[in-house]
1. Please arrange Met172, Met1, Met25, Met232 by counting, for each residue, the other beta carbons lying within 10 Å of its beta carbon, fewest first.
2. Taking H placed 1.01 Å from N in the peptide plane, check which residues at least 5 places from Leu195 or on another chain put their amide H under 5 Å from its amide H.
3. Take the Cα pairs of region 124-173, get the Kirkwood Rh, then feed it into Stokes-Einstein at 20 °C and 1.002 mPa s and tell me D in µm²/s.
4. Going by how many other beta carbons lie within 10 Å of each one, how would you line up His97, His235, fewest first?
5. Return the distance in nm (one decimal) between the two label points of a simple spin-label model at Lys65 and Arg300, each offset 7 Å from Cα along Cα→Cβ.
6. Assuming R0 = 45 Å, what is the FRET efficiency of Ser106 and Trp229, from their Cβ-Cβ distance, to the nearest 0.05?
7. Assuming a viscosity of 0.692 mPa s and a temperature of 37 °C, what translational diffusion coefficient in µm² per second does Stokes-Einstein assign to region 55-113, Rh being the Kirkwood radius over Cα pairs?
8. Using a simple spin-label model with points 7 Å from Cα along the Cα→Cβ vector, what separation in nm is obtained for Lys125 and Thr219?
Amino acid sequence: MWYNGHPYWRSGPWVGQKFIGIPGMPTNVYLRGFSVQDEGDGTITLSSIVDPVWRLTYVLTSRGKYTEQNWDYEKQGWNYSLEVPSTDCDFYGKCGHFGRCDAQNSPICRIRNGSEVGKEDGFKKLETMKVPTFAEYWSYVPSSGSEQACKDECLKNCSCVAYSYYNGFGCMAWTGNLVDIQKFSEGGADLNIRLAYTEFGKNRNLKVIISVSVIGGATAIFICVFFSWKWMATHRERKLRSEETLSFKTRETAFDLNLPENAKEVKLEPLFRLQVLETATNNFDISKKLGQGGFGAVYRVTLLV
């Protein structure tokens, strides 16, 4: 579709079964009678075999919407099976050169800068994509071949910036700016964008930096927590010791206050062993007992000098 002389919306390439730029389009469309014919003069004809049971209408509305409607015999009415553009990403070239549009993201555009290619280049695979405009069909890569053959041919061509291999159709490649790339939730095709070796190195270095940063941050947090716990435990132990010392000194002071002033002049009586006392009292004989006091019996002793 064109608007004021500029591309407005496109269906993506026809791969022999369907337009892969229309998400949700069944792969067996061609079995229903659809066919696409390149007339060779810039004109492409889309035709279908008339089936009286299958009724479809295609309408370009005044709002710039291209719609497909099919007749529902049970409801006796038309059902919309297609209406485009339906999202901002459907508008042609929404994200510019090398930009990828995803309506599920915010912001919807992601930009990859063009870079000079080299012999050690690689590819980044983008799945379920609306492939860029102006695809080149490389017929010399067999449609029954492999994706690896398509990849190898792209690597051999210094102008090739992306490729897409679709089973049953073959190899598509791009040698200019990548315009109108869109991410689908279903359908589409895998798009492999060529990246210089240095860009892969940057990605690997970024992963290493992120990993080291995460590990280093976790280690730093662990060390901080450990030393904080250690400091708190030491501080708590010192506090307990200080409280115990203060309590002991308080008790000692209270004891000192209860002593008489001449406590230092008090004469302490000598202590005797039990064997000495038994001998002196004749084994605590009753005849040696003088009386009974508050601290027990009092005996008369005979000290042997």
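1. On the way: Met172 23, Met1 14, Met25 20, Met232 10.
Exposure proxy ranking, most exposed first: Met232, Met1, Met25, Met172.
2. Sorted by chain and number, the residues that satisfy this are Gly122, Phe123, Lys124.
3. It diffuses with D of about 194 µm²/s by this estimate.
4. Numbers: His97 16, His235 10.
Least to most surrounded, the residues fall as His235, His97.
5. Rounded to a tenth, the inter-label distance reads 13.3 nm.
6. On the way: r = 42 Å, r/R0 = 0.94.
It comes to 0.60.
7. Details: Rh = 13.6 Å.
For the chosen part, D equals 242 µm²/s.
8. My value for the distance between the label points is 3.6 nm.
Each value in this text was obtained by applying a stated rule to the coordinates, not by laboratory testing. In this text, all values refer to a predicted model and were calculated from it rather than measured experimentally. Because the Cβ atoms are built from the backbone with ideal geometry, glycine has one as well, and the counts that use them run over all protein chains shown.
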